[in-house]
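To keep things clear, I will list the structure first and then write my remarks on it.
The values are calculated or read from the model by the stated rules, or taken from the named source; none is laboratory data. Note that the coordinates shown come from a computational prediction; the quantities given were computed from them, not determined experimentally. No Cβ is skipped: glycine too gets one built from the backbone with ideal geometry, and neighbour counts run over all protein chains shown.
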Amino acid sequence: MAQTAEAPVTPPPIRDERIGRKSPLARLLARPEAGAIAGAIVIYLFFFIIAPPFRNASSFASVLYVTSTYGLMATPVALLMIGGEFDLSAGVAVTSSALCASLFAFEFTTNAWVGVLVALALSLLIGFINGWIVVKTGIPSFLVTLGTFFMLQGLNIALTQTITNQVSSPDISTLQGFSSARAVFSASWTIGGVSIRTSIVYWIVFCAIATWILLRTHLGNWIFSAGGSPASARAVGVPVARVKIGLFMAVGFMAWFTGMHTLFLFNTIQSAQGIGNEFVYIIAAVVGGCLLTGGYGSAIGAAIGALIFGMVNQGIVYAGWNPDWFTFFVGALLLGAILLNTYIRRRAEASA
Amino acid sequence: MSTPQNTPGGNPRHAKDPAQAGTPAAGTAGLRKGNGNGNGGVPLVRLVNAGKRYGAVIALHDITMEVGAREVTCVLGDNGAGKSTLIKIIAGLHQPSTGTYEVEGKAVTFDSPRQALEHGIATVYQDLAVVPLMPVWRNFFLGAEVKKGVRMNIAFMKKTCKDELLAMGIDLRDVDQPIGTLSGGERQCVAISRAVHFGAKVLILDEPTAALGVKQSGVVLKYIIQARERGLGVIFITHNPHHAYPVGDRFLLLNRGRSIGYFEKGQITRDELTGLMAGGAELEQLSHELESAGGAAADIGHVLSEEVQELGIHHEPSAGSDARISQE
């Protein structure tokens, strides 16, 4: 005992020699996005070599467009996952929001923007309810959002059928305010003969904002801690419950935004659309380095994860392969990413 | 560890019987070390006859204890002795059902840990101290981030974190490494220096050495001394008398929610402390019972009572003190 205590009386400053030895490459590999960046380069080169149409700028623009529709949602889903939760309802929530906007505006013959705002309120409410149930009951978000996923899916199809007697929402392109809403949510520009959709710009902007929040603001600190060790976070005064509810609402917000983009691009929405997309968002986040258990990951990683998904999605078509193989490749990518992430986390968590 | 044993002015005082603890004499305890709290020797934290019931369960009964500036009060007890209930009361998670809780001489009622924190009472939990995957500096300022406009003042936080850890004797080359890469002892110390930085006057350390090896425990004990030298009051919860004795100025022993002794350093030896923790009184009781049973059991009883004598934990203390073991 006395010996125990005497040892540190002459204190050599405790140095962590491992830090000095870390090479720049090791530092890069320790970033959450590292695996995704390497994967994205490999997959780009792969399709660049085997699929000649992939090399065109216009093809790449369409890869980016597909990427952006998933990437928009992958961003808040990644934040939510860093915050330690899932949202399985994210895929159908996009459709719910678009259906709500179009049905409300069409049935009540309002300005398109009224429908847009009602849909925003609904999406935020769905996010709030998901988050509120999760933090109040402590039930895993996987189960809670699995429930809301099925409820929304049923509502989407049943309500659309009841109201319109069809499986899709009515065409709203004749409504007032439609063109201005389209200009905001679904415009496209032609640059050098290549058509670029605004969703790509929005995706990059939202990803940048999310990254800034994560790394530069106290909110980011709170998100990491809420996922990494909620009990510790609570003990030092982080409002973990509010952070988590906020993250679910951020997913709701982006579901609304993505829904509006789709709605004003096609004028109408299929009520069964969006099912299965929640997994794409989660895959993008995980491939991008987010830990399923929370507390680790990045928004940029999720963007790269979405890009990998977009490249494979389009690359298979450009390579002239049977698209039936697509999900096989996505599954393999996911498994590879998870193995890599587990390895990285073990290294990060390994203590002396 | 010579410092705590020869604390200047550390006159042995009589152990307080809970029944007398409310008298003004108890209030002068802080004077022993004098200058620390600048508050006329009023203890920073004092519980008087505090108890806690959860429904019909009496988790804590009639506990009296205090800690002043530049003092370490150790709370010892086995599992289920009521240590966690005691911390929760002091940390503001629970309110005592009976008795009073005073901070700097004034009776207080805390509704939340945050209120306790505002009074300078910070708790460092054994396993809740940090978020392993987050960098050291983010952990350090978690929940109390320094802002520059909307965003965080990262450069300032990194520098402050490095400096504060250096003041505690931890020289980290890189405060950006995940705190999970630090050793268990260092992690505790980051949590301690964080509490000190954010103006804690009293630190409650919940079993900081429980999960640590011998060497790491030593590191943590060193930081407890360091915190005391910086003028803080420390409440050190542990079940290990070997960790408590070298750093402690007072010792509160708990068993089944009751105090089985409250001592100044000068009133008890390490062996006596160990014996009490090992349940000396119970062993003694057992030996008497066996002896009175006669036959072979009596022989075993003799052996037991001899062991109790050797450990120095028998009921009649050798020197002086009359109220060494305060009992109900």
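A single member of B:VAL124, B:VAL131, B:VAL175, B:VAL150 is in contact with a Ser or Thr (Cβ under 8 Å, 6 or more places away or on another chain), in contact (Cβ under 8 Å) with a residue 24 or more places away in the chain and not charged (D, E, K, R), and it is B:VAL131.
For region B:108-116, the criterion of being within 20 Å of the chain's Cα centre (by Cα), facing chain A (nearest Cβ under 9 Å) and not basic (Lys, Arg) is satisfied by at least one residue. The single condition from (1) buried (at least 21 other Cβ atoms within 10 Å of the Cβ); (2) assigned to a loop (DSSP other than H, G, I, E, B); (3) not basic (Lys, Arg) that A:GLN176 fails is (1).
A residue that is at the interface with chain A (Cβ under 10 Å from one of its Cβ atoms), part of a helix (DSSP H, G or I) and in contact with a Leu (Cβ under 8 Å, 6 or more places away or on another chain) occurs somewhere in region B:158-165. Counting just the residues of region B:193-220 that are under 20 Å from B:HIS242 (Cβ atoms) and of a type in the set (A, V, I, L, M, F, W, C), which one comes out farthest from the chain's Cα centre (by Cα)? Here the residue is B:VAL214.
Among the listed residues B:LEU290, B:LEU252, which satisfies the condition of being touching a Phe, Trp or Tyr at 6+ places or on another chain (Cβ under 7 Å) and either away from every other protein chain (no Cβ under 14 Å) or under 19 Å from B:ILE90 (Cα atoms) (or both)? Walk me through it before giving the result.
On the way: B:LEU290 fails: touching a Phe, Trp or Tyr at 6+ places or on another chain (Cβ under 7 Å).
Testing whether each residue is touching a Phe, Trp or Tyr at 6+ places or on another chain (Cβ under 7 Å) and either away from every other protein chain (no Cβ under 14 Å) or under 19 Å from B:ILE90 (Cα atoms) (or both) leaves just B:LEU252.
Of the listed requirements (1) within 9 Å of chain A (Cβ to nearest Cβ); (2) in a helix (DSSP H, G or I), B:PRO132 misses just one: (2).
What tally of residues in region A:216-246 results from selecting those that are more than 7 Å from chain B (Cβ to nearest Cβ), touching a helix residue (DSSP H, G or I) at 6+ places or on another chain (Cβ under 8 Å) and without any contact (Cβ under 8 Å) to a residue 60 or more places away in the chain?
Filtering region A:216-246 down to residues more than 7 Å from chain B (Cβ to nearest Cβ) leaves A:219-220, A:222-223, A:226-227, A:230, A:234, A:239-246.
With the extra rule that they be touching a helix residue (DSSP H, G or I) at 6+ places or on another chain (Cβ under 8 Å), the set shrinks to A:219-220, A:222-223, A:226-227, A:230, A:234, A:239-241, A:243-246.
Remaining after also requiring without any contact (Cβ under 8 Å) to a residue 60 or more places away in the chain: A:219-220, A:222, A:234, A:239.
The total comes to 5.
No other residue among B:ASP171, B:ASP206 is more than 16 Å from A:SER225 (Cα to Cα) and facing chain A (nearest Cβ under 8 Å) apart from B:ASP171. If you take the residues in region B:74-107 that are within 14 Å of chain A (Cβ to nearest Cβ) and among the hydrophobic types (A, V, I, L, M, F, W, C), which one is nearest to B:MET277 (Cα to Cα)? Looking at residues that are within 14 Å of chain A (Cβ to nearest Cβ) and among the hydrophobic types (A, V, I, L, M, F, W, C), I get B:LEU76. Determine whether region A:199-207 contains at least one residue that is of a type in the set (Val, Ile, Thr) and under 30 Å from B:SER112 (Cα atoms). For region A:199-207, residues of a type in the set (Val, Ile, Thr) and under 30 Å from B:SER112 (Cα atoms): absent.
It is to be established whether one or more residues within region B:181-195 are out of contact with any Asp or Glu (no Cβ under 7 Å at 6 or more places or on another chain) and more than 14 Å from chain A (Cβ to nearest Cβ). Even if it seems obvious, please write down each step before you answer.
Quick first cut of region B:181-195, residues out of contact with any Asp or Glu (no Cβ under 7 Å at 6 or more places or on another chain) only: B:181-192, B:194-195.
The next check asks that each one be more than 14 Å from chain A (Cβ to nearest Cβ); those that pass are none.
No, that holds for no residue.
Scanning region A:203-247 for residues that are touching a Phe, Trp or Tyr at 6+ places or on another chain (Cβ under 7 Å) and at pLDDT 95 or above yields A:VAL243, A:ILE245. Of all residues in region B:228-248, those being surrounded by 24 or more Cβ atoms within 10 Å (Cβ to Cβ) and more than 12 Å from chain A (Cβ to nearest Cβ) number 7.
Is it the case that region B:152-168 has a residue that's small (Gly, Ala, Ser) and buried (at least 16 other Cβ atoms within 10 Å of the Cβ)? Don't jump to the end; show me each part of the working.
Taking region B:152-168 and keeping what is small (Gly, Ala, Ser), we get B:155, B:167.
Still in the list and also buried (at least 16 other Cβ atoms within 10 Å of the Cβ): none.
No, region B:152-168 contains no residue that is small (Gly, Ala, Ser) and buried (at least 16 other Cβ atoms within 10 Å of the Cβ).
Pairing residues of region A:190-209 that are farther than 15 Å from A:HIS261 by Cα with residues that are in a helix (DSSP H, G or I) and of a type in the set (A, V, I, L, M), at Cβ distances under 6 Å and at least 6 apart in sequence or on separate chains, gives A:VAL194/A:ALA57; A:VAL194/A:ALA61; A:CYS207/A:ALA299; A:CYS207/A:ALA303.
Screening A:THR4, A:THR69 for residues that are among the hydroxyl-bearing types (Ser, Thr, Tyr), in contact with a Ser or Thr (Cβ under 9 Å, 6 or more places away or on another chain), crowded, with 18+ Cβ neighbours inside 10 Å and at pLDDT below 60 leaves exactly one candidate, A:THR4.
Being at negative phi and in contact with a Phe, Trp or Tyr (Cβ under 9 Å, 6 or more places away or on another chain) is a condition met by no residue of region B:226-238.
Determine if region A:262-269 includes at least one residue that is modelled with pLDDT of 90 or more, more than 21 Å from A:ALA61 (Cβ to Cβ) and crowded, with 24+ Cβ neighbours inside 10 Å. Yes, region A:262-269 has at least one match.
Out of the residues in region A:247-301 that are in a helix (DSSP H, G or I) and among the hydroxyl-bearing types (Ser, Thr, Tyr), which is nearest to the other protein chains (Cβ to nearest Cβ)? Spell out the reasoning first.
Narrowing region A:247-301 to residues in a helix (DSSP H, G or I): A:247-266, A:277-287, A:299-301.
The next check asks that each one be among the hydroxyl-bearing types (Ser, Thr, Tyr); those that pass are A:258, A:262, A:281.
Details: A:THR258: 26, A:THR262: 32, A:TYR281: 22 Å.
Looking at residues that are in a helix (DSSP H, G or I) and among the hydroxyl-bearing types (Ser, Thr, Tyr), I get A:TYR281.
Residues in region B:117-129 that are of a type in the set (Val, Ile, Thr) and either within 11 Å of chain A (Cβ to nearest Cβ) or in a loop (DSSP other than H, G, I, E, B) (or both): 2 in all.
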